[in-house]
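Structure record follows, encoded as structure tokens.
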Amino acid sequence: MLNWAVRARLLPYNPLDCIASRPEHERRRVRRALSENEIGRLLAAVTEGPMRRKTKVYQNRPRKDGTYKPANIPLLQHADLKKEGENNVLACRLMLEVGLRRNEARSVTWADIDLQNGSLTTRPYWKGNKNGREETLPLTPGLHEALQVWRLKCPGDDTSKVVKMTDRFLRSFDDDLVAAGLAKRVPFDDKGEIIPVNAQGQPARTPAKWILEKRDAAGRVVDCHALRHTFGTRLGRMPGVDPKSVQTLMRHSDPRLTFGIYVHSDKARLQAAVDMLPSIGTTNKDKDKDEGA
């Protein structure tokens, strides 16, 4: 707006020109994409999450010897806990396999999904839809099949939500990250120092607080939005997928955003790219010519 005002001679200069852009490495949160193995571990932890958390509630706290009492969860709750796990997995898959943001995933209704043609349509009024456009995105065969099965388990009109994502979803997701080995809870004392833990993960003394650590050794974060990063990175790894298709599926107006932030490089992908280069060889005859020259 200020640049336009300068061009229109309404301002002599842009007063924000003196402000430097924030360096990329200083972004508040640099996320990383999950590997295929990590995706499998996470979805397994998400599936078992409701039962795991309910078990902790029934067991309360460990005995003095570190063991827990048996958790006698009523059988009537087992079916509900299983369905909750399936719901949470489907929410994660909408982010992993369609690239939806968390608030977009919670906004999807059955009217937005075409089960016959295997597509999902974004809506401008969705919370979290940053480009404000209505776009039809293809579903992966696996997600398409999962949605067809889920629809049979979720009777209701087309205005009902596909997945239920309450305010507890993020807390549950953090717990699932820990269970999958993608994050850890670190104990701290009242002085803010880390308390060492034993082989079983028990702190040496009673901690004043626990802090969830979701960063890896490089400082990259694995959180809910990292699932969207994973979607973009997996697309970028696929041979034959052109950059424009990746940008379109990510719903970005600028390819620099797609490939500068969301499509992450990894050693295997770089090695595969180098392996595709034609081999360069010099015959003995060519070597003789070079030496004679």
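For this structure, a couple of remarks:
- The numbered conditions (1) over 18 Å from the mean Cα position of the chain (by Cα); (2) in contact (Cβ under 8 Å) with a residue 40 or more places away in the chain are all true for Asp175 except (1).
- When Val221 is tested against (1) in contact with a Lys or Arg (Cβ under 6 Å, 6 or more places away or on another chain); (2) loosely packed, with under 15 Cβ neighbours inside 10 Å, exactly one condition is not met: (2).
- For beta carbons closer than 6 Å, sequence separation of 6+ or different chains, a first residue in the stretch 136-157 that is under 11 Å from Leu94 (Cα atoms) and a second that is of a type outside the set (Val, Ile, Thr) and in a helix (DSSP H, G or I), the qualifying pairs are Thr140/Glu97; Leu143/Arg93; Leu143/Glu97.
- Remark: pairs (first residue in the stretch 186-211, outside any loop (DSSP other than H, G, I, E, B); second residue surrounded by 10 or more Cβ atoms within 10 Å (Cβ to Cβ) and among the polar types (S, T, N, Q); Cβ separation under 7 Å; 6+ apart in sequence or on different chains) are absent.
- Applying a threshold of 8 Å to beta carbon distances and a minimum spacing of six or more residues, or different chains, the list of pairs starting in the stretch 216-229 at a residue that is closer than 22 Å to Arg251 by Cα and ending at one that is in a loop (DSSP other than H, G, I, E, B) and among the hydrophobic types (A, V, I, L, M, F, W, C) reads Val222/Leu34; Val222/Leu182; Val222/Ala183; Ala226/Ala33; Ala226/Leu34; Leu227/Leu34; Arg228/Leu100; His229/Ala33.
- Scanning the stretch 116-129 for residues that are exposed (fewer than 13 other Cβ atoms within 10 Å of the Cβ) and touching a residue at least 12 places away in the same chain (Cβ under 8 Å) yields a single hit, Lys127.
So that you can scan it fast, the table gives a plain yes or no per residue for (1) touching a Pro at 6+ places or on another chain (Cβ under 9 Å); (2) part of a loop (DSSP other than H, G, I, E, B); (3) farther than 29 Å from Ser35 by Cα:
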position: Ala79; (1), (2), (3): no, no, yes
position: Gly85; (1), (2), (3): yes, no, no
position: Leu100; (1), (2), (3): no, yes, no
position: Ser107; (1), (2), (3): no, yes, no
position: Gly132; (1), (2), (3): yes, yes, yes
position: Leu137; (1), (2), (3): no, no, no
position: Glu145; (1), (2), (3): no, no, no
position: Val149; (1), (2), (3): no, no, no
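For every residue, the table says whether it meets (1) at pLDDT 90 or above; (2) in contact with a His (Cβ under 6 Å, 6 or more places away or on another chain); (3) outside any helix (DSSP H, G or I).
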residue: Trp4; (1), (2), (3): yes, no, no
residue: Leu10; (1), (2), (3): yes, no, yes
residue: Ser21; (1), (2), (3): no, no, yes
residue: Arg29; (1), (2), (3): no, no, yes
residue: Gly40; (1), (2), (3): yes, no, no
residue: Lys64; (1), (2), (3): no, no, yes
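- Among the criteria (1) assigned to a loop (DSSP other than H, G, I, E, B); (2) buried (at least 19 other Cβ atoms within 10 Å of the Cβ), the one Asp176 does not fulfil is (1).
- When Gln202 is tested against (1) over 23 Å from the mean Cα position of the chain (by Cα); (2) closer than 26 Å to His252 by Cα; (3) among the polar types (S, T, N, Q), just one condition goes unmet, and that condition is (2).
- Of all residues making up the stretch 73-107, the number that are surrounded by 14 or more Cβ atoms within 10 Å (Cβ to Cβ) and closer than 30 Å to Gly236 by Cα: 22
The values are calculated or read from the model by the stated rules, or taken from the named source; none is laboratory data. Because the structure is a prediction, the values reported are computed rather than measured. Cβ coordinates were reconstructed from backbone atoms using ideal geometry, including for glycine residues, and neighbour counts include every protein chain displayed.
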